[in-house]
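Structure first, then comments.
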Amino acid sequence: MTFLETIIGKANDMLYGYVLIIVLLAGGLYFTVRTGGVQFRLFGEQIRSVVEKPKDGEGVSSFKALMVSTASRVGTGNIIGVSTALCLGGFGAMFWMWVVAALGAATAMVESTLAQIYKRRGENGSFGGPAYYIEKGLGCKWLAVIFSVVLIVTYGFGFNMLASFNLQSTFSAYGFYNADVTPWIIGAVLAVLVGVCLFGGGKWILNATGMLVPVMGVAYILVALIVMALNITSLPSVFAEIFKNAFDFRAIFGGFSGSCVMYGIKRGLFSNEAGVGSAPNASAAADVSHPVKQGLVQTLSVFIDTIVICSATGFMCMSSGVEATAAVSGAAYVQQSLAATLGGFGPVFITVAMVLFAFTTLLGNLYYVDQCVFYIVGFEPPKWVQHCYHAVGALVVLLGAGLSADFLWNFSDMTMGVMTLINIPVIVILGKYAYRAIKNYTVQRKEGKDPTFRASDIDLPHDVDYWQ
């Protein structure tokens with residue numbers, strides 16, 4: 001395991017030290033310019049689109065598709081990921097998370113719009129994602145299959161093992177925690193709950209978490225605001241430290257693999273997933289009158305994820321006065337930060353939040369896995385086949401609870417990076433159709449219309465199931 005950790009760690013340093021920095025920032029800038037800064041220019045339209053309902057009242061709404069992608073995004077990345085970035089990369093990592101989100105929002109717009117354009121018609125509504133626009137738009141079935149396999153490895157294994165580990169790590173703040181036993185007990189309980197839901201017997205669990213997670217999300221932001229209000233005198237120095245650390249180029253280039261830039265980009269990408277190619281799988285399911293509407297919704301999701309929730313975690317921790325060091329990296333830093341301001345309530349609140357967030361993250365991730373399995377085999381497998389790989393998914397959750405944090409973060413970062421390196425060049429090539437769709441949408445909005453779309457409006461040369 002040590003040898004494997006070393007290899008993956010070195011691969012990560014290369015990926016995030018050179019390749020992905022250029023791809024993410026250059027790609028985000030490119031899409032921002034080509035779309036005319038759509039993530040800022042059409043912010044009002046993002047709000048309008050998210051509350052729109054299907055015309056027939058029966059399809060998947062934009063809001064529901066947003067909740068599926070947000071369920072996967074919000075959780076370990078927003079809490080544990082931010083904590084890790086601040087402790088290992090410094091406060092300047094927060095600035096680079098904002099940069100990744102601001103530029104990545106345009107990337108999210110393009111990939112989700114393309115997912116809508118190329119979506120397929122199924123028995124239970126529409127479906128699609130990067131695999132489908134890679135196959136149909138580029139004619140590269142082999143690349144679509146590779147992308148699907150990497151997504152399954154990333155979300156079914158890497159991200160789910162990491163979510164399980166991060167959830168159990170929040171219990172280390174309590175006296176009963178035994179490092180040799182407790183992780184496996186919590187992992188086993190979590191695996192059983194996930195298994196129950198996957199095998200169809202946990203509808204009450206899904207309904208309960210579906211209601212509680214939005215409430216917990218609002219409560220989390222409110223608690224963060226309370227902590228910041230109680231520590232308001234420290235906020236000016238926090239802002240000063242963020243920008244000072246973010247532009248300390250001598251320190252950054254002196255040790256780039258552990259710098260605020262690298263950690264900010266890694267944890268920012270892990271949190272908002274813009275350009276990774278995951279959210280388009282949920283975007284394709286939405287029933288909208290124009291592909292751009294769902295692109296706008298996913299753009300808003302990036303802002304919600306990073307600018308709102310990640311910033312809430314960051315400022316809550318940075319303003320608490322608790323020193324950010326490698327020794328308290330992860331759940332411990334967030335829990336100690338809340339405890340310093342709110343006493344014993346703080347650690348308990350974070351544990352409850354992580355239980356809810358991590359659970360929905362696990363299920364959201366497995367939704368993406370299902371979509372890619374369906375794509376690879378070409379049809380929805382029989383229930384017994386689905387139950388077999390769902391059982392594997394539950395065992396992975398158990399396994400992740402007891403593994404090494406460094407290995408899990410590095411493995412997840414590496415596979416997520418490979419997904420990004422496949423997806424972004426593809427959407428650069430196919431992006432012209434998204435730009436035309438955005439222009440078509442804005443023209444109709446200026447004419448006071450509720451935008452509708454046909455493939456012929458953008459001279460789409462490919463046959464698609466919808467928009468004829």
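Do you know which residues across the stretch 262-303 are under 30 Å from Phe91 (Cβ atoms), aliphatic (A, V, I, L, M) and open to solvent by 10 Å² or more (accessible area, probe 1.4 Å)?
Residue satisfying the conditions is Leu300 alone.
So Gln336 clears everything in (1) surrounded by 24 or more Cβ atoms within 10 Å (Cβ to Cβ); (2) in contact with a Pro (Cβ under 9 Å, 6 or more places away or on another chain); (3) of a type outside the set (Val, Ile, Thr) except one condition, right? Which one?
The single condition Gln336 does not satisfy is (1).
Return yes or no: is Val369 in a helix (DSSP H, G or I) and under 24 Å from Val194 (Cα atoms)?
Judged against the criteria, Val369 is a match.
Which residues, taken from the stretch 122-164, are at pLDDT below 90, among the hydrophobic types (A, V, I, L, M, F, W, C) and crowded, with 24+ Cβ neighbours inside 10 Å?
Across the stretch 122-164, the qualifying residues are Phe159, Leu162, Ala163.
Residues of the stretch 20-40 being among the hydrophobic types (A, V, I, L, M, F, W, C), open to solvent by 10 Å² or more (accessible area, probe 1.4 Å) and in contact with a helix residue (DSSP H, G or I) (Cβ under 7 Å, 6 or more places away or on another chain), which ones?
Selection gives Ile21, Val23, Leu24, Leu25, Leu29.
Considering the stretch 351-370 alone, what residues qualify as being among the β-branched types (Val, Ile, Thr) and open to solvent by less than 40 Å² (accessible area, probe 1.4 Å)?
Across the stretch 351-370, the qualifying residues are Thr351, Thr360, Thr361, Val369.
Tell me which residues, restricted to the stretch 84-125, are within 22 Å of Ala332 (Cα to Cα) and outside any helix (DSSP H, G or I).
Once the filter is applied, which keeps residues that are within 22 Å of Ala332 (Cα to Cα) and outside any helix (DSSP H, G or I), the stretch 84-125 yields Gly90, Phe91, Gly92.
When you check Ala208 against the structure, is it closer than 24 Å to His387 by Cβ, of a type in the set (A, V, I, L, M), assigned to a helix (DSSP H, G or I) and at pLDDT below 90, yes or no?
Answer is yes for this residue.
Identify all residues within the stretch 1-35 that are within 15 Å of Tyr435 (Cβ to Cβ) and either without any contact (Cβ under 8 Å) to a residue 40 or more places away in the chain or of a type in the set (Ser, Thr, Tyr) (or both); write none if there are none.
Tyr30, Thr32, Val33, Thr35
Would you check if there is a residue in the stretch 447-466 being crowded, with 19+ Cβ neighbours inside 10 Å, assigned to a loop (DSSP other than H, G, I, E, B) and touching a Pro at 6+ places or on another chain (Cβ under 8 Å)?
Looking for residues that are crowded, with 19+ Cβ neighbours inside 10 Å, assigned to a loop (DSSP other than H, G, I, E, B) and touching a Pro at 6+ places or on another chain (Cβ under 8 Å), one finds at least one in the stretch 447-466, hence yes.
Can you say whether Ala274 is at pLDDT below 90, out of contact with any strand residue (DSSP E or B) (no Cβ under 9 Å at 6 or more places or on another chain) and not in a helix (DSSP H, G or I), as far as the supplied structure shows?
Judged against the criteria, Ala274 is a match.
Read through the list (1) closer than 30 Å to Thr32 by Cβ; (2) among the hydrophobic types (A, V, I, L, M, F, W, C); (3) open to solvent by less than 10 Å² (accessible area, probe 1.4 Å), then give the number of the only condition that Phe315 fails.
Unmet for Phe315, out of (1) closer than 30 Å to Thr32 by Cβ; (2) among the hydrophobic types (A, V, I, L, M, F, W, C); (3) open to solvent by less than 10 Å² (accessible area, probe 1.4 Å): (3).
Looking at the stretch 343-350, is at least one residue under 20 Å from the mean Cα position of the chain (by Cα) and either open to solvent by 10 Å² or more (accessible area, probe 1.4 Å) or farther than 24 Å from Ser164 by Cβ (or both)?
no
Kindly list the number of the only condition in (1) open to solvent by 20 Å² or more (accessible area, probe 1.4 Å); (2) within 30 Å of Asp406 (Cβ to Cβ); (3) modelled with pLDDT under 75 that fails for Tyr16.
Only one criterion is unmet by Tyr16, namely (1).
What's the number of the condition Ser259 fails, among (1) touching a Lys or Arg at 6+ places or on another chain (Cβ under 9 Å); (2) at pLDDT below 80; (3) among the hydroxyl-bearing types (Ser, Thr, Tyr)?
(1)
So, in the stretch 340-349, of the ones that are without any contact (Cβ under 8 Å) to a residue 12 or more places away in the chain and outside any loop (DSSP other than H, G, I, E, B), which residue ends up farthest from Leu88 (Cα to Cα)?
Phe345
Condition check ((1) within 21 Å of Gln168 (Cβ to Cβ); (2) of a type in the set (Lys, Arg); (3) part of a helix (DSSP H, G or I); (4) in contact (Cβ under 8 Å) with a residue 12 or more places away in the chain) across all residues:
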{"residue": "Ala312", "(1), (2), (3), (4)": "no, no, yes, yes"}
{"residue": "Ala324", "(1), (2), (3), (4)": "no, no, no, yes"}
{"residue": "Leu338", "(1), (2), (3), (4)": "yes, no, yes, yes"}
{"residue": "Thr351", "(1), (2), (3), (4)": "yes, no, yes, yes"}
{"residue": "Met354", "(1), (2), (3), (4)": "yes, no, yes, yes"}
{"residue": "Leu362", "(1), (2), (3), (4)": "yes, no, yes, yes"}
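Of all residues being acidic (Asp, Glu) and open to solvent by 30 Å² or more (accessible area, probe 1.4 Å) in the stretch 371-420, which is modelled with the lowest pLDDT? Just the residue, please.
Glu380
Whether any residue in the stretch 173-187 is assigned to a helix (DSSP H, G or I), at pLDDT below 90 and open to solvent by less than 40 Å² (accessible area, probe 1.4 Å) is what I want to check.
Looking for residues that are assigned to a helix (DSSP H, G or I), at pLDDT below 90 and open to solvent by less than 40 Å² (accessible area, probe 1.4 Å), one finds none in the stretch 173-187, hence no.
Whether any residue in the stretch 341-360 is more than 30 Å from Val238 (Cα to Cα) and either of a type outside the set (A, V, I, L, M, F, W, C) or in contact with a Pro (Cβ under 8 Å, 6 or more places away or on another chain) (or both) is what I want to check.
So far as the stretch 341-360 goes, yes, one or more of its residues are more than 30 Å from Val238 (Cα to Cα) and either of a type outside the set (A, V, I, L, M, F, W, C) or in contact with a Pro (Cβ under 8 Å, 6 or more places away or on another chain) (or both).
The values are calculated or read from the model by the stated rules, or taken from the named source; none is laboratory data. All values derive from a computational prediction rather than experimental measurement. Glycine also receives a Cβ, built like all others from the backbone with ideal geometry; neighbour counts cover every protein chain displayed. Side chains included, ligands, DNA and RNA excluded: accessible areas come from the protein's heavy atoms. Shrake-Rupley method; radii C 1.70, N 1.55, O 1.52, S 1.80 Å.
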